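What follows is a set of notes on a single structure, which appears directly below.
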Amino acid sequence: MRRTMAWAQGSRTLSSFLFALLLSSGLSQPVAAAPAPPPAIPTYQGPDTVEVDLLRAGKEPVARTRIFVQALLPDGERGLFMVDTGASISALSEKTATRLGLSIEKNWGSVEGLGGRAPFHRAVLPTLQIGDIHLENVDMAVDVAGMPETAGWMPLDGILGNNVWSQFVMEIDYPADKLALHRPGTWKLPKNAQPMLFEGNAVYTSITIETESTPAQEGTLVVQIDTGASELMLSGPKVLPFETTTDVYTQGVEPVYGIGAADTLPPSVFLRETRRIPLDSVTLGGKEVEVDWSARWLNYTPGLEVGPRGLAGLAGHELMAPYVTVFDFQGSRFSLTKSKRRARKIDGHEVLLAQDLEKYGDNPSRYLFRAKMFAAKQDWKEASRLLESFLSKASDAPPKDLGEATVLLAAMRRLDGDLPGAWKALQGMSPSDLVQQGEIIAATNGLLLDGHGADALTLANAAIEAYTEASVGEDYDVRTAADGHVAKADVLFAEKKFEEANGELLLSAEILDNPDAQLLRRARIALASGDRFGAMAHIRRLLQLYPSNGQYLWFYATLLQDPGDQDVFRADLDAAMARLHPTDLPLDYLVQSYHLIGDQDEAEKRMHQGIERDCSKAPDVPSLNNCQAWYYAMGGVEPDKSLALITKAIAADPHRSDFLDTKAMVHLARREYDLAHQAAVAAARLSPDEVYMLWQAERIGQMATAHP
């Protein structure tokens, strides 16, 4: 639910860093090409036991975050790797492999994960050092689709999988953020260790799950233990006893991402039919783990397989997070035990920042990296200071780094409420750089919101002309190339040249090879040109593609004019919600939709459900106040209370676009149209690339004009 996010997304570039770690599972059973030999088993030298720190990508509760470890690479630099027992082979980013000058065997094999099957290249790391342990000749899959480039704001070099971990007895102390590696036969296992199967470089063990239903159902099955996966995933038509007990699970669609997922595909491609089994506990490794979430069940219908063939399921890190987890690969034993070390939560950003300061001192060339580490801690002022220094003192840095620093500086200034400073920072960037850094749509709309339409059109045209495959070379990206046409469409829309604007959006869709691209913008154009039914058709299509996106439902509801429209809308609403798991319903937008069609009883029922479900998850008091105010405004109730709540939230954090959007809705519910419009425009200025914010400001402005 978007109302509880920790801070406003000032730009797509900024949010992409924060939200880059999207893996549902790690690498799963790579299948080598026919002529290729199996992955080599690395050899190692070192002590019988070594302990190293585990790093996190943030300070969220331990159960929600994956674990990372640093290892020394052949060039003497520390690399950051995700610890992934679901990976049969380790993986290395193409950037790191190129930096190390490794010899790469093209299309050596293929990897199959939840995102699909994808080819990978192969390289061999001559050395890899973890603590005092030295490994030699480590096979690495290179350029694997779906592997993230960052963990939080930290650059990620790759994944360490079972071709590394199987050389040791591996002890992961989640509460203490400590990894211990023991030479096989030199360390005594816990007494509660259970049988574990290590086969095909994958780890399996039996688990017993107990459902939350009444009466509770219990079942035992074998799954893969995967520190790179989340929660618990089950797979296959035979998940006894649950396939015969329909009241134990819910059924619906949800996105399933993972290794093998191409990032150029639209999100709708990854929607899968799943079942969810609400759980009370899971027993594994000699421990009964109490949980309050659901197991996700895939492939329950033959012929619709997702992920590797024969995969029975994945038990992820959230089951292991409260304990010390031990993998004895050689002895085939697995256990969970209580930690005896001091509990810690190690934020990797702080570690990498301290290491960088120690190694490089006051070196301006490192300021961009350090600014990202401060941004991860939400220290916008220090991040801005470092970026300003980087741009002034490291002018000989690579153009790509200078462009990234400029865009991040603009984002930091937006988050600090300095909009003139944000636009001033971007003025020195070329149109091509704005496209390459994902900032062209925000830049053109920023000019439009400031009343500089002619400049916006000049910039959009220059961006389209400058950003071509011939001029950009290997950095050319069709997704960013399409952005130039979207930016021009927004300018043409503002000039009321609706047919030309729609033509630019169709060009964007053609570049992306996705006929459903930019449907919300196309709906906006249709409505403005007088084609209300065309706008409804576009939004109905969006609702079919993304039933959980409540914004589409809401904009659909605003287009209704007569009882016949309402009948179609209710049928579409019911059909979309029936496709979702109950826990995925967009309750906030359901509240507004029912309110708009006059079903106030249903609106208030959903409002109370949403406040209980979503506001309880708010990370801080301002977010809690915002969440409650948002629900009250959507339901059209508690006008004074909602105004007091959002006023407190904005006083604590005045430059969040989502808070300002809530303020707009609060004033709208109070029929204070001018105040609502002011807040909506302020929100759009902070997030000028979000068509939702632009349309909000536009439609509320029309209301303000109609109700002076």
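The values are calculated or read from the model by the stated rules, or taken from the named source; none is laboratory data. All values reported here derive from a predicted model rather than from experimental measurement. Quick reminder, even Gly has a Cβ in these numbers, built from the backbone with ideal geometry, and neighbours come from all protein chains shown.
Taken over region 283-337, the residue count meeting the criterion of being more than 24 Å from TYR257 (Cβ to Cβ) and either in contact with an Asp or Glu (Cβ under 6 Å, 6 or more places away or on another chain) or not in a strand (DSSP E or B) (or both) is 10.
Across region 545-582, the number of residues qualifying as part of a helix (DSSP H, G or I) and either of a type outside the set (Phe, Trp, Tyr) or surrounded by fewer than 16 Cβ atoms within 10 Å (Cβ to Cβ) (or both) comes to 22.
Go through region 198-246 and give me each residue that's part of a helix (DSSP H, G or I) and either among the hydroxyl-bearing types (Ser, Thr, Tyr) or at pLDDT 85 or above (or both).
Once the filter is applied, which keeps residues that are part of a helix (DSSP H, G or I) and either among the hydroxyl-bearing types (Ser, Thr, Tyr) or at pLDDT 85 or above (or both), region 198-246 yields THR244, THR246.
Within this structure, ASP173 passes the test of being charged (D, E, K, R), out of contact with any Gly (no Cβ under 8 Å at 6 or more places or on another chain) and under 22 Å from ARG342 (Cβ atoms). Scanning for something surrounded by fewer than 23 Cβ atoms within 10 Å (Cβ to Cβ) and over 28 Å from LEU560 (Cβ atoms), does region 604-612 turn up at least one residue? Looking through region 604-612, at least one residue is surrounded by fewer than 23 Cβ atoms within 10 Å (Cβ to Cβ) and over 28 Å from LEU560 (Cβ atoms).
From GLY473, GLY451, GLY484, GLY530, grab the single residue that is in a helix (DSSP H, G or I) and on the phi > 0 side of the Ramachandran plot.
Within the list GLY473, GLY451, GLY484, GLY530, the selection yields GLY473.
Residues in region 405-421 that are touching a residue at least 60 places away in the same chain (Cβ under 8 Å) and crowded, with 23+ Cβ neighbours inside 10 Å: VAL407, LEU408, ALA410, ALA411, MET412, ARG414, LEU415.
Against the numbered list (1) touching a residue at least 40 places away in the same chain (Cβ under 8 Å); (2) in a helix (DSSP H, G or I), GLY438 comes up short only at (2). Looking across region 649-705 at every residue that is of a type in the set (Asp, Glu) and part of a helix (DSSP H, G or I), the one that is nearest to ALA456 (Cα to Cα) is identified as GLU698.
For GLU465, the conditions (1) surrounded by fewer than 16 Cβ atoms within 10 Å (Cβ to Cβ); (2) closer than 25 Å to PRO420 by Cβ; (3) touching a Pro at 6+ places or on another chain (Cβ under 9 Å); (4) not aromatic (Phe, Trp, Tyr) are fulfilled apart from (2). Every condition in (1) part of a helix (DSSP H, G or I); (2) within 18 Å of LEU694 (Cα to Cα) holds for LYS496 except the one numbered (1). Just one of the listed residues (VAL306, VAL282) is in the same structural domain as THR250 (by TED's automatic domain parsing) and surrounded by 20 or more Cβ atoms within 10 Å (Cβ to Cβ), namely VAL282.
Apart from one condition, ALA343 fits all of (1) in a loop (DSSP other than H, G, I, E, B); (2) touching a strand residue (DSSP E or B) at 6+ places or on another chain (Cβ under 9 Å); the exception is (2).
Tell me which residues, restricted to region 383-402, are surrounded by fewer than 21 Cβ atoms within 10 Å (Cβ to Cβ) and in a helix (DSSP H, G or I). Across region 383-402, the qualifying residues are ARG385, GLU388, SER389, LEU391, SER392, LYS393, PRO399, LYS400, ASP401, LEU402.
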